[in-house]
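The block underneath contains the structure these notes are about, expressed in structure tokens.
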Amino acid sequence: TAGFCMGVRRAVDMVLDASNFANEPIYTYGPLIHNPQVLDMLAKKGIYKVDTIPEKGSGIVLIRAHGVPPEDEKALEDAGFTVINATCPRVVRVQVIIHKYAQKGYSTIIIGDKKHPEVVGLLGYAQGRGYAVTAIAALDELPIFEKAVVVAQTTQNTAFWEEIKAWCEQHAGHYELFNTICGSTERRQTEIRELAQV
């Protein structure tokens, strides 16, 4: 299963389609994907990334596969860009879960790196009640919330997710858990483990 996953392939197709039909400048907000060869190819086609949102802009901006906080998407539109959202549908699913529960007053615990672009975007849906966790010790340091939803960065380690589930069952059985690890990630991790034993 090596190669582009569905979400990455979709984002690359979307930006290339836009470049074939648009007569205006095309940008990506942050790097479209984590792949230097693809980013070089886009630069050769005149598609560059913007890392900050200007007060005024024009042209097309694609939201990267990892997604962004909702306020960033709005700020891009308000600046005058035409925004094309290339967020991976699997990441959109996590955004929807967080948003739905945040509206009901739940805290959100994201099993993932708070500096990773996907997690930065996801935290934007938690209405200020989001926490990113990369170790069991970090879970121990959080209070036990009255209401909380637990999700995973879509590229999270499946073995670590099992540890998180066990911790929640023991310490916070009332938490709502959603295994949001992407199927492609699970398959690739399984294959890597098998290859490592060859």
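The values are calculated or read from the model by the stated rules, or taken from the named source; none is laboratory data. Remember, predicted model here, so these are calculated numbers, not experimental data. Virtual Cβ from ideal backbone geometry, glycine too; neighbours counted across all protein chains shown. Please note that ligands, DNA and RNA were not included when accessible areas were found on the heavy atoms of the full protein model with its side chains. Shrake-Rupley method; radii C 1.70, N 1.55, O 1.52, S 1.80 Å.
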Within the stretch 142-179, how many residues are small (Gly, Ala, Ser) and either open to solvent by less than 30 Å² (accessible area, probe 1.4 Å) or in contact (Cβ under 8 Å) with a residue 40 or more places away in the chain (or both)?
3
Between a first residue in the stretch 87-98 that is in contact (Cβ under 8 Å) with a residue 24 or more places away in the chain and a second residue that is of a type in the set (Lys, Arg) and open to solvent by 60 Å² or more (accessible area, probe 1.4 Å), which pairs have beta carbons less than 8 Å apart while being 6 or more apart in sequence or on different chains?
Cys88/Arg10; Pro89/Arg10
Looking at the stretch 49-133, what helices (runs of 4 or more DSSP H) fall wholly within it and have at least 3 residues that are open to solvent by less than 60 Å² (accessible area, probe 1.4 Å), under 17 Å from Gln153 (Cβ atoms) and of a type outside the set (Ser, Thr, Tyr)?
89-103, 117-123
Which ones in the stretch 1-44 are in contact with a strand residue (DSSP E or B) (Cβ under 9 Å, 6 or more places away or on another chain), of a type outside the set (A, V, I, L, M) and part of a loop (DSSP other than H, G, I, E, B)?
Glu24, Pro25, Gly30, Pro31
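Residue by residue, here is whether (1) charged (D, E, K, R); (2) at pLDDT 95 or above; (3) closer than 23 Å to Val92 by Cα; (4) out of contact with any strand residue (DSSP E or B) (no Cβ under 6 Å at 6 or more places or on another chain) holds:
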{"site": "Tyr131", "(1), (2), (3), (4)": "no, yes, yes, no"}
{"site": "Ile144", "(1), (2), (3), (4)": "no, yes, no, yes"}
{"site": "Lys147", "(1), (2), (3), (4)": "yes, yes, yes, yes"}
{"site": "Val150", "(1), (2), (3), (4)": "no, yes, yes, no"}
{"site": "Thr154", "(1), (2), (3), (4)": "no, no, yes, yes"}
{"site": "Asn157", "(1), (2), (3), (4)": "no, no, yes, yes"}
{"site": "Trp167", "(1), (2), (3), (4)": "no, yes, no, yes"}
{"site": "Leu177", "(1), (2), (3), (4)": "no, yes, yes, no"}
